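Read-outs throughout are calculated quantities, based only on the coordinates presented, and are distinct from any laboratory measurement. Not measured: the values here are computed from a predicted model. With ideal geometry, Cβ positions are generated from the backbone for all residues, glycine too; neighbour counts draw on all protein chains shown.
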Amino acid sequence: MMETWQKLKQVQPVATQILMNSLRHDRVSHAYLIQGMRGTGKKTLATLLAMTLFCLNKNGLEPCQTCHECKRIISKNHPDVYWVEPEGQSIKKEQIDDLVKEFSYTTFESNRKIYIISGSELLTINAANRILKFLEEPEIETTAILLTDNLNANIETIQSMCQIVNLQQID
């Protein structure tokens with residue numbers, strides 16, 4: 001079972017409140033840069049955000065976690081939610097090219113696409129420049145969620161284009 005907004009709010013009250021408010025007021029940013037040390041819940045937050053945006057049976061903001069959409073997001077198998085993970089020590093330009101190509105196709109089931117880049121501080125310079133261009137000109141309703149252990153290791157122009165969400169250290 002995934003975390004819920006209410007459970008996450010107990011561990012990450014500020015970050016959770018920021019995201020819940022933007023969902024509640026239908027003002028989801030086109031790009032988030034979620035920063036926190038390893039183990040602070042970055043992937044959980046990204047997954048929960050994606051589920052909330054796609055879930056068919058939400059209870060308020062809480063995704064049901066059992067519908068087809070939620071299950072596919074949890075298993076990283078949703079056609080409109082694209083994950084990019086580091087290959088080895090970095091995220092390469094080719095991986096971002098694949099992402100851009102994937103997003104050039106029309107969405108499968110909705111008018112929205114989400115991509116989640118885990119370890120955005122590991123983008124090579126070429127990959128970072130490629131993602132910048134993509135951040136500047138999203139084709140359709142796109143939400144970028146960049147996850148990082150180290151905010152300052154992300155190039156400043158990427159930081160400036162994203163809403164930064166800081167996660168606090170967990171005891």
Computed label-point distance, nm, for sites Ser29 and Glu102 using a 7 Å Cα→Cβ extension
2.2 nm
Segment Ile155-Gln17, extension gain: residue separation times 0.36 nm, minus the distance between their alpha carbons
47.1 nm
So the label point goes 7 Å from the Cα of Glu141 along Cα→C-beta, right? Which residues of segment 19-35 then have their backbone N under 16 Å from it?
22-31
With an 8 Å cut-off on Cα pairs and a minimum separation of 6 or more residues, tell me the relative contact order of segment 52-165 in percent.
22 percent
1/(1 + (r/R0)^6) with r = Cβ-Cβ of Ser90 and Gln168, R0 = 30 Å, i.e. FRET efficiency to nearest 0.05, evaluates to 0.65
The set of residues whose placed amide H lies less than 5 Å from the amide H of Tyr32, leaving out same-chain residues fewer than 5 positions away, is Ala144, Ile145, Leu146, Gln163
What is the distance in Å between the Cα centres of segment 92-171 and segment 3-79?
16 Å
Which entries in Lys9/Lys133; Lys71/Lys133; Lys93/Lys133 show an alpha-carbon gap greater than 22 Å?
Lys9/Lys133; Lys71/Lys133
Please identify, among Gln89, Gln159, Gln12, the residue showing maximal mean-square fluctuation in a Gaussian network model of the chain using a 10 angstrom Cα cutoff.
Gln89
List, in order, the whole-Hz ³J(HN,Hα) value for each residue of segment 159-171 obtained from phi through the Karplus relation with A = 6.51, B = -1.76, C = 1.60 and θ = phi - 60°; use x for Gly and Pro.
4, 5, 8, 10, 7, 8, 10, 8, 9, 7, 5, 9, 5
Residues other than Thr16 with Cβ under 15 Å of its Cβ, Lys/Arg counted +1 and Asp/Glu -1, net out at +3
Dipole magnitude of segment 48-113, debye to nearest 20 (Cβ charges: Lys/Arg +1, Asp/Glu -1, about Cα centre):
140 debye
